[in-house]
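Bear in mind that the values in this text are calculations on the coordinates, not laboratory data. Small disclaimer: the values here were computed from a predicted structure and weren't measured. Neighbour counts run over all protein chains shown; Cβ positions are idealised from the backbone, glycine included.
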Amino acid sequence: MDSVNDVGFRPGIDISARLKELYEQIDYIYRKAAVQSAFSCYGCDGAKCCTVDLIVHTFAEMLYMRRGLGALNRPTRLEIKKRSKQVVELKRLDSLGEYRNTICAANFDGKCKIYDYRPMICRLAGIPHFIDKPNSTRVFGPGCDRFELNACDNISVEKIDRTPFYRKLAELEIETINTQGRRTQSLTIAEILAG
């Protein structure tokens, strides 16, 4: 599976374009919140947010990530696959071990090589958020350590509402499953990129 054509959405289906549009909406809201709070990931090595243990639950995002991997030059793509396979093997040997602290295989010197194709979990990391669950409860999540240390203390930061993003992603996931005729189990980013 070394070319872009080997993976992805079936021809004629516009799910990937709609996923890209959703990601653009997320990025816009994220940038707005980052500016409001004077937050930046610039200079961060990704040791807290960009880890191999992040889990992707949707087939649509897995296919999109693999498309991004396929778009890379061959040496970079092979290096990411090699790193990912090493992490998957470490996880197999010790599922609660040190592998969990490994930086994502797509992170080269603090920069994501599949940045435009990264999943929602990566796009929303760092800034405080909330999710309204179907049972009418609201779940809050904090910002990353860097956010908590460096964001403007005197500004009341509005938390990002992830709810509409998850709803839209769920709609796209249902379409992806129906289109592909199958679904997949949740996988870590390393497992997806090793595939």
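Only four residue types carry charge here, +1 at the Cβ of Lys and Arg and -1 at the Cβ of Asp and Glu. Report the dipole size of segment 106-195 about the Cα centre in Debye, rounded to the nearest 20. Spell out each step's value before the answer.
Details: 13 positive and 12 negative charges, 49 e Å.
Here the size comes out at about 240 debye.
Here residue 81 is the anchor, and the lysines within straight C-alpha reach of less than 18 Å, apart from those fewer than 8 places off in the same chain, are 91, 111, 113.
How high is the relative contact order of the chain? Use alpha-carbon pairs under 8 Å, at least six apart in sequence, and give a whole percent.
Result for the chain is 37 percent.
According to the calculation over all Cα-Cα pairs in segment 4-194, the P(r) per 10 Å bin from zero is 8, 33, 37, 19, 2, 0 %. Using a simple spin-label model with pseudo-atoms 7 Å out from Cα toward Cβ, residue 93 and residue 182 lie 3.0 nm apart. The aspartates and glutamates whose alpha-carbon is closer than 16 Å to the alpha-carbon of residue 32, local same-chain residues fewer than 8 away aside, are 24, 158, 161.
Candidates 75, 104, 87 compared by Cα position along the dipole of segment 66-114: farthest toward the positive end lies 75, with charges placed on Cβ. Close amide H pairs (under 5 Å, H built 1.01 Å from N) link residue 129 with 141, 160, residues at least 5 positions away or on another chain.
Work out, step by step, the length gained on full extension between residue 116 and residue 101: first 0.36 nm times the residue separation, then minus their alpha carbon distance; give nm to one decimal.
Details: separation 15, 0.36 × 15 = 5.40 nm, distance 2.35 nm.
Taking residue 116 through residue 101 to full extension adds about 3.1 nm, to one decimal.
Amide H to amide H distances under 5 Å link residue 108 with 113, where only residues 5 or more positions off or on other chains count and H is placed in the peptide plane. Working note: Karplus 6.51/-1.76/1.60 with θ = phi - 60° gives segment 179-191 the couplings 6, 6, x, 6, 10, 9, 6, 5, 9, 6, 4, 4, 5 Hz, where Gly and Pro are set to x. In terms of other Cβ atoms within 10 Å, 129, 57 run from fewest to most in the order 57, 129. Length gained on full extension, residue 86 to residue 42, computed as 0.36 nm times the residue gap minus the Cα-Cα distance: 13.1 nm.
Backbone phi angles across segment 25-40, fed through the Karplus curve with coefficients 6.51, -1.76 and 1.60 (θ = phi - 60°), yield HN-Hα couplings of 5, 4, 4, 4, 5, 5, 4, 4, 5, 5, 5, 4, 9, 6, 9, 8 Hz in residue order; Gly and Pro are listed as x. Applied to segment 163-172, the Karplus parametrisation 6.51 cos²θ - 1.76 cosθ + 1.60 on θ = phi - 60° returns per-residue 3J(HN,Hα) values of 3, x, 5, 5, 5, 5, 5, 4, 4, 5 Hz, with x for Gly and Pro. Going from the fewest other Cβ atoms within 10 Å to the most, the residues 74, 66, 183 appear in the order 74, 183, 66.
Taking other Cβ atoms within 10 Å as a rough exposure proxy, 137, 51, 163 sort from fewest to most as 137, 163, 51.
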